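Every number here is computed from the coordinates shown, using simple stated rules; none is lab data. Source: prediction; values computed, not measured. Cβ: placed from backbone, ideal geometry, glycine included. Neighbour counts: every protein chain shown.
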Amino acid sequence: MNLKPTIGIETHIELNTNTKMFCRCKVVDTEEPNISLCPTCIGLPGALPVPNEKAIRYITLLALATGCAITKKGMFHRKNYFYPDLPKNYQISQFDLPVGENGKLEIVIDNEKDYVEIERVHMEEDTGKSSHEGTGRIDSATSTSLDFNRSGVPLVEIVTKPVIQSSKVAVAYIEELRQLAIDLDISEGKLEKGNLRFDANISVAPSKSDELGTKVEIKNMNSLRSLERAIDYEIKRQSSAIENGESIIQETRHWDESKETTTSMRSKEGSADYRYFSDPDLPNMVLSDKFVNQVKESLPSLPHENRNKLVETGLDLSDSNVLSKSEKWILELYFKVYDNTKDSKATFNWITGELQGQMRKLEIKSLPEWFSPNFLSDIIQLIDANKISFTSGKVILEELIQKDTTPDDVAKKLNLYQENDESAISKIVNEVIKNNQDIVERIKNGEDKLVGFMVGQIIKSSGGSINPGIAKEILSKELNL
Amino acid sequence: MSEKFDISNIAKLASVSLSDDEKQKLSSDLSVILEHVQALSNLELDTNIKNVYIHPLEKELVLDEDIEKPSLTHDEALSNAPKASDGKFIVPPSLE
């Protein structure tokens with residue numbers, strides 16, 4: 001049977017505001033429990049929530065950046081469920097009037113543009129953190145301990161339409177969304193810190209069917225790798241169940257990272273189970289045209305716009321996508337270096353390959369103050385003009401990262417400028433020929449691979465200052481090859 | 001209206017202890033409330049309406065600046081907890 005998977009993704013983004021969503025307790029990043037709490041975020045009776053203006057601004061930025069229609073007259077709802085990490089016994093969220101609806105996000109797959117349709121973008125609050133004390137196993141815990149520092153931290157939930165058809169597209173979507181949040185400066189976007197968390201709804205149905213199969217929700221994927229593996233596993237599990245004539249149960253399944261399987265957690269709640277109703281503590285939220293326009297004007301250059309600018313410099317879409325997901329200073333460095341070199345591929349390779357590689361090796365996160373973008377364009381231009389070799393370029397770069405100097409000084413000091421003058425090179429070539437008569441004989445007898453050895457000897461005798469291409473050319477001429 | 005609830009169970013779920021007198025008084029109060037709310041089920045409602053824009057308050061939401069304000073100290077926050085340990089609230093084991 002030909003089957004097709006359909007995936008929808010729900011992502012929660014923790015905003016990087018100074019204070020929480022509905023109270024002015026500071027958002028803290030610490031292991032020390034319960035140090036930033038007030039009656040509102042621990043759900044004491046009589047406490048009243050007051051929304052954070054910056055959080056509303058941030059979600060509006062994200063909704064506009066994903067091309068959503070903004071709900072000008074919206075409201076908050078109570079989503080009721082009983083779990084100790086939610087002290088009010090409801091989460092303040094949004095139900096039928098989210099801040100944004102019907103948007104899309106551009107992604108890049110195999111050097112081609114694609115789009116993921118977004119159903120909604122809504123505002124809510126995070127829960128506290130619970131840990132289960134006792135034997136270490138959740139089902140035999142003796143008690144649950146709670147830290148409410150995270151309770152009430154602003155969360156934006158972004159829900160895609162069920163339009164994703166592979167784990168590859170799902171991963172590209174999350175990477176793009178993460179970059180967008182970083183570029184908008186609304187979140188740290190660190191997966192390992194839980195700034196970005198995602199669940200996937202997966203169903204499998206016959207290829208020709210217009211209807212979707214039974215939906216299974218997968219939770220507990222905390223890296224892009226686990227997202228990819230969990231989706232692939234679940235598609236296989238559902239497909240083989242369908243092929244064996246078994247029916248799929250609508251449920252929530254847990255991704256087990258160590259076993260690389262999904263296991264059943266509980267039957268899935270429908271939205272009716274949450275008994276949503278409008279929060280009587282929070283009046284209608286009106287986003288005025290003036291407010292929305294102000295937010296629109298503050299939109300920075302978005303990842304897809306950066307990609308387009310990079311493509312204009314001559315890079316292909318795939319390389320442009322890599323650069324658009326780099327740190328801001330790398331993107332800025334690319335444009336500055338490209339302005340001088342006008343060589344997009346060399347600029348890309350030197351920045352993403354050599355420069356970042358050396359920085360990783362030296363374990364430094366940012367370039368020293370003295371490092372001018374012109375250094376990199378000088379190196380690229382010196383190589384292009386055959387004045388230094390590619391290898392010398394790498395040596396010069398390494399020096400420039402560690403010492404306050406210039407490419408010219410390093411090249412002179414280390415004698416890296418190549419001799420391009422033919423008569424001077426001929427002199428050295430003839431000397432090497434004279435000193436290696438046995439090798440020359442063997443080359444004449446057909447051992448071609450020894451030419452490389454001779455070129456090596458010539459470069460060595462010159463102290464590394466000869467252009468290998470020219471040396472080989474002259475050697476061939478002298479030996480009548 | 002006969003009582004359709006178990007006041008002892010409700011008290012247990014709400015974590016409040018009630019004397020027999022209180023149970024009796026609250027039972028009759030709750031019966032009156034339920035009877036009153038019962039009137040709603042006599043209304044004919046169109047359950048197919050989407051995006052109903054209703055809210056008990058006419059006012060618009062006021063937003064607050066993202067500036068930290070003093071809140072509870074760690075000890076104050078934990079002072080009402082039935083049980084606490086290592087700076088955390090402790091509750092009976094819970095399962096998802």
### Message
Restricting to Cα pairs below 8 Å that are 6+ residues apart, what does the relative contact order work out to for chain A? Please round to a whole percent.
### Response
14 percent
### Task
Would you calculate, for the protein assembly as shown, the mean residue ellipticity at 222 nm contributed by helices, counting each DSSP H stretch of 4 or more residues as -39,500 (n - 2.57) and dividing by all residues, to the nearest 500?
-11000 deg cm²/dmol
### Message
Could you compute the net charge surrounding A:Leu333? Neighbours are other residues with a C-beta less than 12 Å from the C-beta of A:Leu333; K and R count +1, D and E count -1.
### Response
-1
### Query
Over the protein assembly as shown, what is the percentage of antiparallel beta bridges among all DSSP beta bridges, to the nearest 5?
90 percent
### Query
Which loop trypsin sites (Lys or Arg not before Pro) in region A:185-292, with loop taken from DSSP, have no more than 11 other Cβ atoms within 10 angstrom of their Cβ?
A:Lys208, A:Lys259
### Summary
For the protein assembly as shown, shape from the Cα gyration tensor axes a ≥ b ≥ c, cut at a/c of 1.5 then a/b versus b/c, turns out prolate
### Query
Rounded if a/c is under 1.5, else prolate if a/b beats b/c, else oblate: with a ≥ b ≥ c from the C-alpha gyration tensor eigenvalues square-rooted, which is region A:3-294?
oblate
### Message
If you take every residue apart from A:Glu473 with its C-beta less than 14 Å away from the C-beta of A:Glu473, what net charge results, scoring Lys and Arg +1 and Asp and Glu -1?
### Response
-2
### Summary
Counting only DSSP loop positions in region A:58-131, the GluC sites (Glu not before Pro) whose Cβ has at most 12 other Cβ atoms within 10 Å are none
#### Entry: Whole-Hz couplings from phi, Karplus 6.51/-1.76/1.60, listed for region A:295-310; x for Gly and Pro
5, 4, 5, 8, 4, x, 5, 8, x, 5, 6, 4, 4, 4, 5, 5
#### Entry: Check: region A:422-478 dipole with +1 on Lys, Arg Cβ and -1 on Asp, Glu Cβ, in debye
80 debye
### Message
Which entries of A:Lys129/B:Lys69; A:Lys309/A:Lys336; A:Lys328/A:Lys365; A:Lys387/A:Lys472 have Cα-Cα distances beyond 18 Å here?
### Response
A:Lys129/B:Lys69
### Members of A:Lys88/A:Lys290; A:Lys161/A:Lys208; A:Lys79/A:Lys104; A:Lys79/A:Lys325; A:Lys72/A:Lys168 lying beyond 31 Å, as alpha-carbon distances in this model show
A:Lys88/A:Lys290; A:Lys79/A:Lys325; A:Lys72/A:Lys168
### Message
What does the net charge come to around A:Asn430 if you take all other residues with beta carbon closer than 15 Å to its beta carbon, with K and R at +1 and D and E at -1?
### Response
-2
### Task
On a C-alpha basis, how far is the centre of region B:2-34 from the centre of region A:226-246 in Å? Whole number, if you could?
50 Å
## Note on the structure
Once normalised by the length of region A:178-240, the mean sequence separation of its alpha carbon contacts under 8 Å that are 6 or more apart gives a contact order in percent of 27 percent
### Query
Once a ≥ b ≥ c are taken as the square roots of the eigenvalues of the Cα gyration tensor of region A:113-216, is the result rounded (a/c under 1.5), prolate (a/b larger than b/c) or oblate (a/b not larger than b/c)?
oblate
